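Enquirer: Provided herewith is a single structure, encoded as structure tokens, for subsequent inquiry.
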Amino acid sequence: MATELQANIVQWGNIVFSLDNEGFRKGFESGRKYYFVDVSGEELQRAARLTVGELLQQIAVADAKTGHYRFDAGGIEYLEEYLGVFLGYMSGPLPVSGITKE
């Protein structure tokens with residue numbers, strides 16, 4: 001599968017990215033899988049278009065007084081994984097290749 005990583009190190013062109021945090025790595029892999037599922041149209045119940053507000057509501061809560069978003073208790077607990085999912089999903093269209101550990 002194009003989303004599976006063979007190592008904890010990936011390369012985007014000239015950039016070598018070390019996935020040295022387990023939660024972030026798992027989130028990154030999940031994010032790439034979500035991207036390819038969305039592109040293939042396999043799960044039609046998933047949203048095809050999201051506003052920024054809808055996206056933020058998936059990972060954060062709006063403060064009632066200021067309207068600014070912040071992570072809730074679950075978001076803080078799984079922050080590395082959430083950020084990994086985001087980066088993995090956003091990197092979906094980029095060619096990513098696993099490289100061997102040094």
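The values are calculated or read from the model by the stated rules, or taken from the named source; none is laboratory data. Predicted model only: the values in this text are computed from it and were never measured. Positions of Cβ are backbone-derived with ideal geometry, glycine not excepted, and every protein chain shown enters the neighbour counts. To get the accessible areas, we keep the full protein, side chains included, count just its heavy atoms, and leave off ligands, DNA and RNA. Shrake-Rupley method; radii C 1.70, N 1.55, O 1.52, S 1.80 Å.
Enquirer: Under a 1.4 angstrom probe, counting protein chains only, how are PHE86, PHE28, PHE17 ranked by accessible area, largest first? Intermediate values should be presented prior to the final figure.
Expert: Details: PHE86 105, PHE28 0, PHE17 55 Å².
Final ranking, largest accessible area leading: PHE86, PHE17, PHE28.
Enquirer: Further question on the same structure: Report TYR78's accessible area, 1.4 Å probe, all protein chains in place, as a number in Å² to the nearest 10.
Expert: 110 Å²
Enquirer: Place the peptides 19-27, 62-70 in order of packing, highest mean first, counting for every residue the other Cβ atoms within 10 Å and averaging per peptide.
Expert: Numbers: 19-27: 16.7, 62-70: 9.3.
Highest to lowest by the protection proxy: 19-27, 62-70.
Enquirer: Right, something else. Work out, step by step, the length gained on full extension between SER30 and ALA73: first 0.36 nm times the residue separation, then minus their alpha carbon distance; give nm to one decimal. Display every interim value, and only then the final one.
Expert: Working: separation 43, 0.36 × 43 = 15.48 nm, distance 2.12 nm.
Gain on stretching SER30 to ALA73: 13.4 nm.
Enquirer: Still on this structure, I have one more. If the chain between ALA64 and TRP12 were fully stretched, how many nm would it gain, using 0.36 nm times the residue separation less the Cα-Cα distance?
Expert: Details: separation 52, 0.36 × 52 = 18.72 nm, distance 3.97 nm.
Here the answer is 14.7 nm.
Enquirer: Using heavy-atom solvent-accessible surface (probe 1.4 Å) with all chains present, what is the largest-first order of VAL16, VAL10? Walk me through the numbers on the way to the answer.
Expert: Values: VAL16 80, VAL10 0 Å².
These residues rank, largest area first, as VAL16, VAL10.
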